[in-house]
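Down below is the structure, laid out as structure tokens.
Any read-out appearing in this document is the output of simple, stated calculations on the displayed coordinates, not a laboratory observation. Just so you know, these numbers come straight off a predicted model, no measurement behind them.
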Amino acid sequence: MRRRVAVTINGTKYEHEVEPRLLLVQYIREQAGLTGTHVGCDTSNCGACTIELNGHSAKACTMFAVQADGAEITTIEGLAQGSTLHPLQQAFWDEHGLQCGFCTPGMIMAARQLLERNPNPTEREIRISLEGNICRCTGYHNIVKAIQSAAKVMATGAEVKAPASVS
């Protein structure tokens, strides 16, 4: 028995008939075609699937797509404005806050929620807010630096540039 799901993701409305057991992360990736939200552990431990659901941080592997019916969702793809990266995306680039990049979308989405609640977090507050997100490549040092850097940019409202092309 399939059910109709209608959600708005990054400002675009999506409607599909889905199996009731389809996870939201699978819906985002397979039905909406937005692959920035990653499937890491399927147990909600790694945070690679972190999104914003109706303005709140959520792990998309912990809920069914039908539970999100009518929701407003923001994924990593929804943060940039054209070729202008969100300050967090730019800071992760500038401060080398990523290595393989697998955890990066979830880290950035979790960090965005932190900075909305607390625009000037301490290092300790940043580390605590990231406890639900695992990075297997870095020691978190540059991730913390990236969030601190983004917080400064966001506080001043400074313009963020498009990244230099990589050859």
Review point. For the range 110-146 and the range 65-82, what is the separation of their Cα centres, given in Å?
Key: 21
Check your understanding: Taking springs between alpha-carbon atoms closer than 10 angstrom, which of GLY70, GLY97, GLY47 fluctuates most in the Gaussian network model of the chain?
Key -> GLY70
Check your understanding: Could you list, bin by bin from short to long, the percent of Cα-Cα pairs of the range 3-77 in 5 Å steps?
Key -> 3, 19, 33, 29, 14, 3
Exercise for review: Provide the gained length on full extension for the span ASN45 to ASN118, in nm with one decimal, where the gain is 0.36 nm per separating residue minus the Cα-Cα distance.
Suggested key: 23.9 nm
Study note, to complete from the structure: The relative contact order of the range 87-156, taking Cα pairs under 8 Å that sit 6 or more residues apart, comes to a percentage of 52
Check your understanding: Can you pull the three principal axis extents for the Cα set of the range 87-156, in Å, largest first?
Key -> 30, 23, 17
Revision key, fill the gap. Candidates ILE51, ILE126, ILE108; GNM for the chain (alpha-carbon contacts under 10 Å) flags as most fluctuating ILE126
